[in-house]
1. For the range 35-53: of the residues being open to solvent by 60 Å² or more (accessible area, probe 1.4 Å) and within 9 Å of the chain's Cα centre (by Cα), which is farthest from ALA22 (Cα to Cα)?
2. Tally time: how many residues in the range 22-78 are closer than 24 Å to GLY108 by Cβ and either small (Gly, Ala, Ser) or in a helix (DSSP H, G or I) (or both)?
3. Check whether at least one residue in the range 84-102 is surrounded by fewer than 16 Cβ atoms within 10 Å (Cβ to Cβ), touching a residue at least 60 places away in the same chain (Cβ under 8 Å) and in a loop (DSSP other than H, G, I, E, B), and report yes or no.
4. Across the range 58-67, what is the number of residues that are of a type in the set (S, T, N, Q) and in contact (Cβ under 8 Å) with a residue 12 or more places away in the chain?
5. Which pairs turn up if I take residues in the range 68-82 that are of a type in the set (D, E, K, R) and look for partners that are surrounded by 15 or more Cβ atoms within 10 Å (Cβ to Cβ) and not in a helix (DSSP H, G or I) with beta carbon separation below 9 Å, at least 6 apart in sequence or on another chain?
6. Can you name the condition, by its number, that LYS58 falls short on among (1) under 12 Å from the mean Cα position of the chain (by Cα); (2) surrounded by fewer than 14 Cβ atoms within 10 Å (Cβ to Cβ)?
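The values are calculated or read from the model by the stated rules, or taken from the named source; none is laboratory data. Bear in mind the structure is a predicted one, so any value in this text is a computation, not a measurement. Cβ: placed from backbone, ideal geometry, glycine included. Neighbour counts: every protein chain shown. In case anyone asks, the SASA skips ligands and DNA or RNA and just uses the protein heavy atoms, side chains included. Shrake-Rupley method; radii C 1.70, N 1.55, O 1.52, S 1.80 Å.
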Amino acid sequence: MKKLSLLSGQALDIRGVVEETADILEKGGVALIPTETVYGRVCRWDSDTAKEKIFRMKNRPRDKHFQMLAVSLAQAEEWGYKPDEASRKIAAVFFPGALTLIAPSSFGGHIG
């Protein structure tokens, strides 16, 4: 089990952090994770309760959609992302990676 040393000198059990975060998300909670550019509030895409928590936390307008983080294009499609052929070709070259593609969604509007 790999441990990460914090600035305070304390070791952090990475597996424990991942398991605890997964548990929070499974229960409809919200977690804070680092991305390539920011620390982001995240939740399960299929949890309307958790999404509502993020809207309230950030005082975010309901018409400002969330960005979807997915491990693959196939997973994003399972959750309603509807890419065109050009998006599929770009994803084949750059995924997984730090790239946002915008496409229509099955719930109306577009999603990145």
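1. ARG41
2. Selection size over the range 22-78: 22.
3. Scanning the range 84-102 turns up at least one residue that is surrounded by fewer than 16 Cβ atoms within 10 Å (Cβ to Cβ), touching a residue at least 60 places away in the same chain (Cβ under 8 Å) and in a loop (DSSP other than H, G, I, E, B).
4. Of the residues in the range 58-67, 1 are of a type in the set (S, T, N, Q) and in contact (Cβ under 8 Å) with a residue 12 or more places away in the chain.
5. Correct list of pairs: GLU77/ALA70; GLU77/PRO83; GLU78/ALA70; LYS82/ALA103; LYS82/SER105; LYS82/ILE111.
6. All conditions are met except number (1).
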